[in-house]
Amino acid sequence: MPAVENDRELIRKGCEALVEELGLEDFIRFIKLMSCAKGNWTEERKEILKELNEKLLKMTTEEVVEYFSKKRKVRSGQIVI
């Protein structure tokens with residue numbers, strides 16, 4: 001895996017990895033628990049999650065449900081809220 005070029009890229013890649021592993025809901029809980037109350041998370045979140053949001057916006061509703069079902073380990077056919 002190539003080295004990360006700067007802090008912002010490291011944060012972005014780390015957030016992407018956490019979202020992939022934990023799912024969006026648990027990622028947000030994790031960030032709240034680990035927050036050192038510094039900076040503007042609302043604005044930073046928009047930048048960090050921009051690529052994921054763009055990816056999700058290109059998906060159909062069924063693809064989004066499937067994506068998060070896999071992340072939350074939901075059984076096939078189970079409703080994801």
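Only the coordinates and a few stated rules stand behind these numbers; no lab work does. Owing to the predicted nature of the structure, the values given are computational and were not obtained by experimental measurement. When we count neighbours, we look across all protein chains shown, and the Cβ atoms used for this are built from the backbone with ideal geometry, even at glycine.
Using Cα-only point scatterers and the Debye equation, what is log10 of I(q)/I(0) for segment 7-71 at each q in 0.16, 0.27, 0.28 Å⁻¹, rounded to two decimals?
-0.56, -1.35, -1.39
If R₀ is 22 angstrom, what is the calculated FRET efficiency for the pair residue 62 and residue 28, using the beta carbon separation as r and rounding to 0.05?
For residue 62 and residue 28, the calculated efficiency is 0.40.
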